[in-house]
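All remarks here apply to the structure that follows.
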Ligand code: 5GP
């Protein structure tokens, strides 16, 4: 059986990272892909949050067709290496919208969940809270305005992260439902 590919997308500061780690921790069938990025590591960010790399190495890997998708986002490159999940595991990608669109083109069966912040104020607080500089926060808020209508339109499910536990439960339920309906349609 092909693995289910679950794309979790949504604007910066919406809590995607926290949601996805909780989902993966609770559901041993999920396998989280680790992206490459040329963005410098943030203070306090775990070493394994990304494979932090140089632009040269990133571009060389892209030339070798080593990425399922990649894009430039606010001046840095981000990419998903071709996923190699252990047998029987479903793949989770936490990526922005341009990448989500590329994955969908290559794999139309991929499930796209788009996460929205409860409000712009809440999103701003989260972005500021993780230590982003004020101009970066503004940039990401502007980007969110741009991405949200398209993301919501394209997504199979739109989830508002108003309460972390509720959101995680809703997403776990979506994954369960999709597994069931896909196993039935085989
Ligand atoms: P951040 O710099 O805040 O870690 O990530 C910026 C944006 O890039 C977030 O929306 C995040 O989901 C997205 N992102 C992370 N990894 C990838 C990736 O491999 N591909 C794409 N397209 N976006 C990614």
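Any read-out appearing in this document is the output of simple, stated calculations on the displayed coordinates, not a laboratory observation. Predicted model, so just to flag it, every value in this text is computed and none were measured. With ideal geometry, Cβ positions are generated from the backbone for all residues, glycine too; neighbour counts draw on all protein chains shown.
Numbers at a glance
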item: Approximate spin-label separation residue 177-residue 59, in nm, with each point projected 7 Å along Cα-to-Cβ; result: 4.5
item: Share antiparallel - DSSP beta bridges, region 1-93, percent rounded to 5; result: 50
item: Residue 120-residue 156 pseudo-label distance in nm [points 7 Å out on the Cα-to-Cβ vector]; result: 3.2
item: Antiparallel bridges, percent of DSSP beta bridges restricted to the chain (to nearest 5); result: 30
item: Column: log10 I(q)/I(0), Debye, Cα scatterers of region 5-184, q = 0.13 Å⁻¹; result: -0.66
item: CD proxy at 222 nm, helix term only [per DSSP H run n ≥ 4: -39500 (n - 2.57); per residue of the chain; nearest 500]; result: -14000 deg cm²/dmol
item: Cα shape, region 1-107, gyration tensor, a/c 1.5 rule; result: oblate
item: Likely footprinting exposure, 180, 97, fewest C-beta neighbours within 10 Å first; result: 180, 97
item: Contour minus Cα-Cα distance for residue 26 and residue 43 (0.36 nm per residue); result: 3.4 nm
item: Neighbour-count order for 33, 152, 181, fewest beta carbons within 10 angstrom listed first; result: 181, 152, 33
item: Residue 184-residue 87 pseudo-label distance in nm [points 7 Å out on the Cα-to-Cβ vector]; result: 2.9
item: Prolate/oblate/rounded label for region 50-134 (Cα gyration tensor, a/c 1.5); result: oblate
